[in-house]
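A.B. asks: Right, I'll just put the structure down here and ask away after.
Nothing in this text is a laboratory measurement; each read-out follows from the coordinates by a stated rule. None of these values were measured; they are calculated from a predicted model. Backbone-built Cβ (ideal geometry, glycine too); neighbour counts: all protein chains shown.
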Amino acid sequence: MLRKIRITLATVFWLLVTWLLVDFTGTAHVYLGWMAKVQLMPALLSLNVGVLIFLLALTLLWGRIYCSVICPLGIMQDIISWFRRKKFKYAYTQARTALRYGMVLFTGAALLLNLGWLAGLILPYSTYGRITGTIVAPLYKMGNNLLAQLAEHYNSYAVYEVDVWLKSIGALAIAIITWGIIAVLAWRGGRTWCNTICPVGTLLGLLSRHALFRPVINKSRCNACGLCERSCKAGCINSKNHSIDLSRCVMCGNCMEACKKEALTLAKATEPAPSVAPFGKNAPRKGNDNKPNGAKDAGTRAQNKPQNKPMAQSKPEDVVAASVPETTDAPKRKPRRRKPRTTGEENTIDSGRRAVLASTALLAGAAVLRAQHKPKTTDGGYAPIIKKTAPQRQHRITPPGSLSVRNLQSHCTACQLCVDACPNDVLRPSTRLSTFMQPEVSYERGYCRPECNRCSEVCPTGAIKPITIEERTATQVGHAVWVKELCIPAKEGKPCGNCSRRCPAGAIQLVPANDKYRKNEHGRWIGPDGKQIDGRLVPMIPVVNIEKCTGCGACENLCPVGPQSAIYVEGHDVHREI
Amino acid sequence: MKQINRRDFLKISGTAATGSALASCGVKQESAENLDPSGQHTTELPKGKMTYRTHPHNGDKVSILGYGWMRLPRMKNPENPNEEIINQEEVNRLCNKAFEYGVNYFDTSPAYCQGKSEESLGIALEQSGRSRDSYYIATKLSNFSPTQWSLEAGQQMFENSLKYLKTDYIDYLLLHSIGGGGLDNLRKRYLDNGLLAWLMEQRAAGRIRNLGFSFHGDVKVYDYMLEHHDEYKWDFVQIQLNYIDWHDNDKGRDGEYLYNELVKRNIPAVIMEPLLGGRLSKVPDHVVAHLKSRKPEDSVASWAFRYAGTPKNILTVLSGMTYMEHLEDNIRTYSPLVPLTEEEARWLDGETANLIESYPTIPCNDCKYCMPCPYALDIPAILLHYNKCVNQGNVPESQQAENYQKARRAFLVGYDRSVPRLRQANRCISCRECVSHCPQNIDIPRELQRIDRFVEKLKQNKL
């Protein structure tokens, strides 16, 4: 029963979180945004006290139910191992205590050093977000585009087409590698990742050891068949000595369903369960930190039983060694030794640097071109579209709401939710080492539209704080810089003014490109030859009022010059209100 | 157009496995020039019933339906998927069908279809196997660019036409679209360089059987050409005539004036834009009902073609037929032509014209003379999308409008579908290069700015 409820809840939760991560319409974000925000690490980073208290209480009541129901990465592993159609495929494993706490320390250190992305490499929600956002979301969008073609055929506007593009090779590589590692671990040993690498799992494990309700083995009923142990994907049940490592148990309920003797039940604890001591080397299997006099519950006491006397009466002091001679009931098995896998960190740094190098090379190689003005002799056809390339910005641009480069860098765990949510194709994972895979703003494909604040709405970690549309249009994330050498009116003496016309902030005015053009006393334009000319034909160059410019990038994106725009945005390290 | 809701749509999409293949064709049909959305053709196509008009001077028997070789069916270039080319196979099919039902006048230009129209017509005529004297070829001297204003360039253009059309004479040769740029432009293109004189020599030599001109724009140029009729001896003149433009404040567009000037001089008229590039077939539902209530079985387009074909001094009515349905519908209308009664004609150019003009559409006929835009915009697609939304009631006036949300979505989603983002109106820098090319005198940059301001208001929900 417990297991069925767990599976149902987990499936629903997992599907919805996944939809949230791949949705590009903004619908999911309105209704399901909270699903990202109840994830532990985002809540911790954004100091979401309500969620933290809720998760604390949840874990203190029922153990690591979070890992089974709320964490999408955990559920993903369950699904992967479910595909391995083999019953009773697991075995008890020793806790890798040093590794577990090492990973917690690593995460803490990375966050303190403002390297949120490094911590994000092993944090469960951002790992799942990255896998979904970079691998699944493009497929989802392609599917959508097929539907959109159908919709177009039927004159329906229900579904519309979206651009699918590779936002970052680095992030995709990381996602594939992490998925590969996790998939192999899950296939072979269930929740190995959660109980060795995942810092959230370890932190919750600290609490879950003191959970009020926990699975306990009723020793008087147990026939030591070992089914519970072999059904335990966390590898935390030692059926020989009837012990359960509660710090690793994810409360999946598999053991209770597997037990034919109804010896495993969810019971209230009156004392802390025996388990791995923090930072203890090779936590004992025998629960020697148990307080025998506090034992009132049969199940808890049962954990202290030596397993070669399954039906014997309780004798807490009676401690046996871990390796045991054959017992009659217990099936033969080799306790499998697993070397804990390292994460893909080495790869990360490597491919990150490579991506940086690659993009620099691309920039260097991009020659400055512009639409060829061939004299028009025939009708129809299109001039080619010149794709924009990103300018070499001295200062990176971060999305409105992120407050500052520093705030984003220290809070963001690179889950890619904002990157996928951005409807204007402005956000993409950074390729710089210090901010690897964290969102970065660039305007080659679109610009930060004045009516949009979606990234700020979806960000669960407080890296991009929620802001209203009004605040968003008053937030200055950078300012526009004019490149005289590229600007059409300055260079060719032809009128343009597109940046000024499209500036949502009205921060760009136009002035004559040179003093050969002036207005006479009647306000009419006089050309170089001293004759009156049509004002629309006067070449005018843009002048930016830095105080009004928000750095939205409309000018950069809509500038007719390519591949490098004649006006572009430099970011501000700290955002301000204008 | 059939409206479906989301649920129906999902149902349909679930079952239509082949749908995606069809989807792309659907788009094309949207842009069909004169496909009547509710037209029904249940009867057999009448053969041998085509109406012919006789040229008053040389006795040419010309089918009242002339084939405009401009809006040809296109397809993706198999070698370069980013490029569209003429679907010659389909063009040949259309050509053969046209011949079969009596069409014998084909009108092309060196400028049409990115310069590929003449070649395509040459191929189609050759494959038809018809003898050269069984049809009439009309082509033009389309020297629009200042780089083509020399006599030599003009002569070269004419020789190229002969080469592409695989013939040694042209039946009807036109000075192409005079009027734009005024008299000054006319002088530079044809008079000062001696090109017109040379063309008259070619006429005398039999390489040009009929010499005429097509006109759009400044009426002074039209008047000038007709005043000099004694000198130039125009064999025919091509004008725009349709029931919307029969009365127009601009004399250069006023069909009644242009036509009657020709009648006075007994110069036969060739009619272009009888359907305004589909604007008179893709009309709002309200207008469809208005026309259909009078003759439920006739297509919407048929009214425009009967209107253009009724006056006696008209030699042929040109139609750029992209699809077989266009061709068949027009064959029906003209096999034979049932002339409009006086009352019907006034009903069209009065009441019906007013009804259509009460919709604030932009008078773009999708002729693509403005293209290619140097800044890569798709100008006609933007204007046509706007017109489509006007006609379908998807241009809300304010957020208070009853259907605001639905119309907003239809406009914005439809905009991205009709025009790739990088070719949309917000890319227009107002260089004004297109303005002089538009035969309808649309201030294209101004319209594009207006449409873009509207799009911005829709996007920001600030209408």
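A.B. asks: Exposure proxy check: B:Met272, B:Met371, A:Met1 ranked by fewest other beta carbons within 10 Å?
C.D. replies: Final ranking by Cβ density, sparse to dense: A:Met1, B:Met371, B:Met272.
A.B. asks: So for the stretch A:102-195, taking the charge dipole from beta-carbon charges (+1 Lys/Arg, -1 Asp/Glu), which of A:Leu172, A:Leu111, A:Gly190 sits furthest toward the positive end?
C.D. replies: Going by the Cα projections, it comes out as A:Gly190.
A.B. asks: While we're on this one: I'd like the per residue volume of the convex hull spanned by the Cα atoms of the stretch B:210-260, given in cubic angstrom.
C.D. replies: 69 Å³
A.B. asks: Rounded to two decimals, what is the ratio between the C-alpha radius of gyration of the stretch A:377-480 and 2.2 N^0.38 Å?
C.D. replies: 1.22
A.B. asks: Suppose every Lys and Arg Cβ carries +1 and every Asp and Glu Cβ carries -1, with no other charges. What dipole size does the stretch A:1-124 come out with about its Cα centre, to the nearest 20 debye?
C.D. replies: Dipole of the stretch A:1-124, to the nearest 20 debye: 760 debye.
A.B. asks: Between A:Arg518 and residues 5 or more places away or on another chain, which pairs have amide H atoms under 5 Å apart, with H built 1.01 Å from N, and which residues are they?
C.D. replies: Under 5 Å from the amide H of A:Arg518 lie the amide H atoms of A:Ile526, each far enough along the sequence or on another chain.
A.B. asks: Then there's this: Rounded to the nearest angstrom and ordered from largest down, what semi-axes does the equivalent ellipsoid of the stretch B:38-107 get from its C-alpha gyration tensor (root of 5λ)?
C.D. replies: Semi-axes (√(5λ), whole Å): 30, 18, 9.
A.B. asks: To two decimal places, what compactness ratio does the stretch B:44-357 give when its Cα radius of gyration is scaled by 2.2 N^0.38 Å?
C.D. replies: That works out to 0.98 for the stretch B:44-357.
A.B. asks: Still on this model: Are there any trypsin sites (Lys or Arg not before Pro) in the stretch A:451-507 that are in a DSSP loop and have at most 16 other Cβ atoms within 10 Å? List them by number.
C.D. replies: A:Lys484
A.B. asks: Give me B:Ser418, B:Ser63, B:Ser131 sorted ascending by neighbouring Cβ count inside 10 Å, so fewest comes first.
C.D. replies: In increasing order of surrounding Cβ atoms, one gets B:Ser131, B:Ser418, B:Ser63.
A.B. asks: Could you pull out the trypsin sites (Lys or Arg not before Pro) across the stretch A:378-437 that fall in loop regions by DSSP (anything but H, G, I, E, B) with no more than 10 other Cβ atoms inside 10 Å?
C.D. replies: For trypsin sites (Lys or Arg not before Pro) across the stretch A:378-437 that sit outside H, G, I, E and B with at most 10 neighbouring Cβ atoms in 10 Å, the list is empty.
A.B. asks: Using all alpha carbons of the stretch B:348-456, what is the percent of pairwise distances in each 10 Å bin, ordered from the shortest bin to the longest?
C.D. replies: That works out to 14, 45, 31, 10, 0, in percent per bin.
A.B. asks: With viscosity set to 0.890 mPa s and temperature to 25 °C, compute the Stokes-Einstein D of the protein assembly as shown, Rh being the Kirkwood radius across alpha carbon pairs; µm²/s, no decimals.
C.D. replies: 72 µm²/s
A.B. asks: Further, regarding this structure: Magnitude of the Cβ-charge dipole of the protein assembly as shown, K/R +1 and D/E -1, about the Cα centre, nearest 20 debye?
C.D. replies: With only Lys, Arg, Asp and Glu charged at Cβ, the dipole is about 7760 debye.
A.B. asks: Further question on the same structure: Report, to two decimal places, the Cα Rg of the stretch B:126-197 normalised by 2.2 N^0.38 Å (N = number of residues).
C.D. replies: In units of the globular-protein estimate, the stretch B:126-197 measures up at 1.25.
A.B. asks: For a quick check: with amide H placed at 1.01 Å from N, whose amide H comes under 5 Å from B:Leu65's, ignoring anything fewer than 5 positions away on the same chain?
C.D. replies: Here B:Val317 satisfy the definition.
A.B. asks: With the cut-off at 18 Å, tell me which of the pairs B:Lys76/B:Lys163; B:Lys116/B:Lys140; B:Lys97/B:Lys163 have Cα atoms farther apart than that.
C.D. replies: In this structure, B:Lys76/B:Lys163; B:Lys97/B:Lys163 lie more than 18 Å apart at Cα.
A.B. asks: Now a separate question. Averaged over every viewing direction, what's the projected area of the C-alpha convex hull for the stretch A:478-578? Give it in nm², one decimal, please.
C.D. replies: For the stretch A:478-578, the mean projected area of the Cα convex hull comes to 7.1 nm².
A.B. asks: Could you give the size of the charge dipole of the stretch A:121-252 about its Cα centre, using +1 on the Cβ of each K and R and -1 on the Cβ of each D and E, expressed in debye and rounded to the nearest 20?
C.D. replies: 900 debye
A.B. asks: Please identify the longest segment of chain B free of exposed GluC sites (Glu not before Pro), where exposed means a DSSP state other than H, G, I, E or B and no more than 12 other Cβ atoms within 10 Å.
C.D. replies: In short, B:80-296.
A.B. asks: Fewest first, what order do B:Cys95, A:Cys487 take by the number of other Cβ atoms within 10 Å?
C.D. replies: Listed from fewest to most nearby Cβ atoms, that is A:Cys487, B:Cys95.
A.B. asks: Right, something else. Filter the GluC sites (Glu not before Pro) in the stretch A:538-578 down to the DSSP loop ones having no more than 15 other Cβ atoms within 10 Å, then list what survives.
C.D. replies: Those satisfying the criteria are A:Glu547.
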